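Coordinate-derived values only; no laboratory data. Note that this is a predicted model, so its numbers are computed, not measured. Because the Cβ atoms are built from the backbone with ideal geometry, glycine has one as well, and the counts that use them run over all protein chains shown.
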Ligand SMILES: Cc1cc2nc3c(=O)[nH]c(=O)nc-3n(C[C@H](O)[C@H](O)[C@H](O)COP(=O)(O)O)c2cc1C
């Protein structure tokens, strides 16, 4: 038996990490895009397909999503760990994250925020509801279009190929091991 120790409130959320980490794109009212790194996102409905993302109100992306009510969840792989950390440590208020990271914008099919070309999958979302949850806001987005890299997904991801990013805590990321 493993002896259990108490976990203080500040780090309790880390008991639910490592978490699948995504790059969410959004736009301001003029269409200028931003990128935010999120570890807190999850599907919440099959039909219609709805996902939720949890964003602190102090984030610039929070304002953009409140204003324009659209976002895209882009799924990065481990080759984008550096860019993922950058987008999670810098604000779009003071830096153009597309320029700074060299990530490439691609038009989405159904929403204004762009896709990030280097990511393996994209879920285009329109906000259908929002809730305040403690010190974050849950934005519920209906997935109105989605796409994935050829050869990576048939009914589900091929986890022998996929190298998703999981956030452990701080600056630490891990991925799947591939062939098992
Ligand atoms: C790995 C990682 C995961 C993060 N997850 C979240 C999250 O789920 N929700 C959130 O509000 N911020 C999260 N952040 C923090 C934001 O990404 C960060 O504050 C970002 O600089 C906000 O950018 P913005 O001001 O351009 O919106 C995370 C940061 C990192 C590095």
(request) Determine, for 95, 51, 7, the number of other Cβ atoms within 10 Å of each Cβ, and report the residues in order from fewest to most. (result) 7, 95, 51
(request) Kindly provide the helix-only [θ] at 222 nm of the chain, computed as the sum of -39,500 (n - 2.57) over DSSP H runs of four or more divided by all residues, to the nearest 500 deg cm²/dmol? (result) -3500 deg cm²/dmol
(request) Have a look at the chain and give its Rg and Dmax from the Cα atoms, expressed in angstrom. (result) 16.4, 58
